[in-house]
Amino acid sequence: MPSMGFEREDRRGRSERGAVGLLERETMLEALALTLDQAREGRGQALLIEGHAGIGKTRLYEAALDTARKRRFRVLRAAGAELERHVAFGIAAQLLSAQLEELSAKRRSAMLAELPARVRTLIRPEPEIADSTEGSDPGLVHGIFSVLATIDETRPALVAIDDLHWCDSASLELVLYLLHRLDELPMAVVMTGRIGMGQEIADVLERIASHSRVQVEIPSPLGREAVGKLAWRELGKRSDDTIVAACVQATGGNPFYLRELLRALRNEGELPSAALARRAATLVPDAVIRTLRVRVGRLGPTARALARAVVIMGDDVPLRHAAAL
């Protein structure tokens, strides 16, 4: 059986993951804990964490995974991907695979054999019925739901979906189907989504966000105190009020941009405080440049030309504006 390790290594190579080292996210972590508590009591609830890029949604998603594992929940995780958003039931297939991975090899083989063929084909494609997974399919949705809800009823479950805005529409219909029946299940649902994205599926995203079983939380930018603590972690004695103020001004408290800026400042050598603060106001780290290119480039040729201009003019463009892209 796969390892039941509670806190997994970070897949992005970061030194911290999940709740470790988070600042000013106590309310969000309490909401996650309450959602899991209610699932254990058989009163399923859902939590949707919405925000701009870099605000820390995935860290909270990881915190939900780690906390659920510590509590011995079944953990079914999936993540939307931009290049796979048109693959029908792609997220559903991830959830099914996550469920089966927790079983022993013998039980997994037996379970696969027992699955309805139309559900099994999501995990192991069968050419003769491959077309049945194209588009919305109420019968298939019900079959997937039945497997997720009943395959192991001895433990409460967490269904966690990262980047809801990149999910395929058929899988989002499955999410809605699950939400409609959540109050009957010992199951928590935690989702993340980016504000202003997913225009093609805006209607179903709105239906999910406004569902009566869903609580929506929007992480706030980090305040000056938290920025000061993070600056001290990276810069030590070189950090002072001037540098903290420059970092707040440059990043708007966005955790991702702040982290990349502080790392870049750490590599600037032994500059005096005033010089380091000036660099904080003008420096655009490479990771942020790459992020800007990708996000602005999605908007078309004109926007890509603008992205190149932003990179060239980087010294005059505050990082906080990147979060809106």
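The values are calculated or read from the model by the stated rules, or taken from the named source; none is laboratory data. Because the structure is a prediction, the values reported are computed rather than measured. All Cβ positions, even for glycine, are placed from backbone atoms using ideal geometry, and neighbour counts span all protein chains on display. To get the accessible areas, we keep the full protein, side chains included, count just its heavy atoms, and leave off ligands, DNA and RNA. Shrake-Rupley method; radii C 1.70, N 1.55, O 1.52, S 1.80 Å.
From the list Arg77, Arg59, Arg118, which one is assigned to a helix (DSSP H, G or I) and within 17 Å of Val147 (Cβ to Cβ)?
Details: Arg77 fails: assigned to a helix (DSSP H, G or I); Arg59 fails: within 17 Å of Val147 (Cβ to Cβ).
That would be Arg118, the only listed residue that is assigned to a helix (DSSP H, G or I) and within 17 Å of Val147 (Cβ to Cβ).
Scanning region 143-169 for residues being assigned to a helix (DSSP H, G or I), within 14 Å of Leu205 (Cβ to Cβ) and among the hydrophobic types (A, V, I, L, M, F, W, C) gives a total of 2.
Among the residues that make up region 249-271, is at least one of them of a type in the set (D, E, K, R) and at pLDDT below 85? Write out each step before concluding.
Narrowing region 249-271 to residues of a type in the set (D, E, K, R): 259-260, 263, 266, 268, 270.
Cutting the leftovers down to at pLDDT below 85 gives us 268, 270.
Yes - at least one qualifying residue is present in region 249-271.
Residue-level check: of (1) outside any loop (DSSP other than H, G, I, E, B); (2) in contact (Cβ under 8 Å) with a residue 24 or more places away in the chain; (3) open to solvent by less than 40 Å² (accessible area, probe 1.4 Å), Thr67 misses just (3).
From the set of residues in region 28-56 that are among the charged types (D, E, K, R) and not in a strand (DSSP E or B), which is nearest to Ile195 (Cα to Cα)? Looking at the filtered set, the residue picked out is Glu30.
State whether one or more residues within region 155-174 are under 23 Å from Ser97 (Cα atoms) and polar (S, T, N, Q). Looking through region 155-174, at least one residue is under 23 Å from Ser97 (Cα atoms) and polar (S, T, N, Q). Filtering region 225-237 for residues that are modelled with pLDDT of 95 or more and closer than 16 Å to Glu173 by Cα leaves an empty set. When restricted to residues that are out of contact with any Lys or Arg (no Cβ under 7 Å at 6 or more places or on another chain), touching a residue at least 24 places away in the same chain (Cβ under 8 Å) and open to solvent by 30 Å² or more (accessible area, probe 1.4 Å), region 237-254 contains 5.
As a summary of the residue check, Ala68 satisfies the conditions (1) within 22 Å of Ile151 (Cβ to Cβ); (2) modelled with pLDDT under 95 except for the one numbered (2).
The residue that is surrounded by the most Cβ atoms within 10 Å (Cβ to Cβ), counting only those in region 97-114 that are among the polar types (S, T, N, Q) and more than 18 Å from Gly143 (Cβ to Cβ), is Ser109. The listed residues are Ser169, Ser212, and the only one of them that is at pLDDT below 95 and polar (S, T, N, Q) turns out to be Ser169. Of everything in region 170-220 that is assigned to a strand (DSSP E or B) and not β-branched (Val, Ile, Thr), the residue that is farthest from Thr154 (Cα to Cα) is Arg194.
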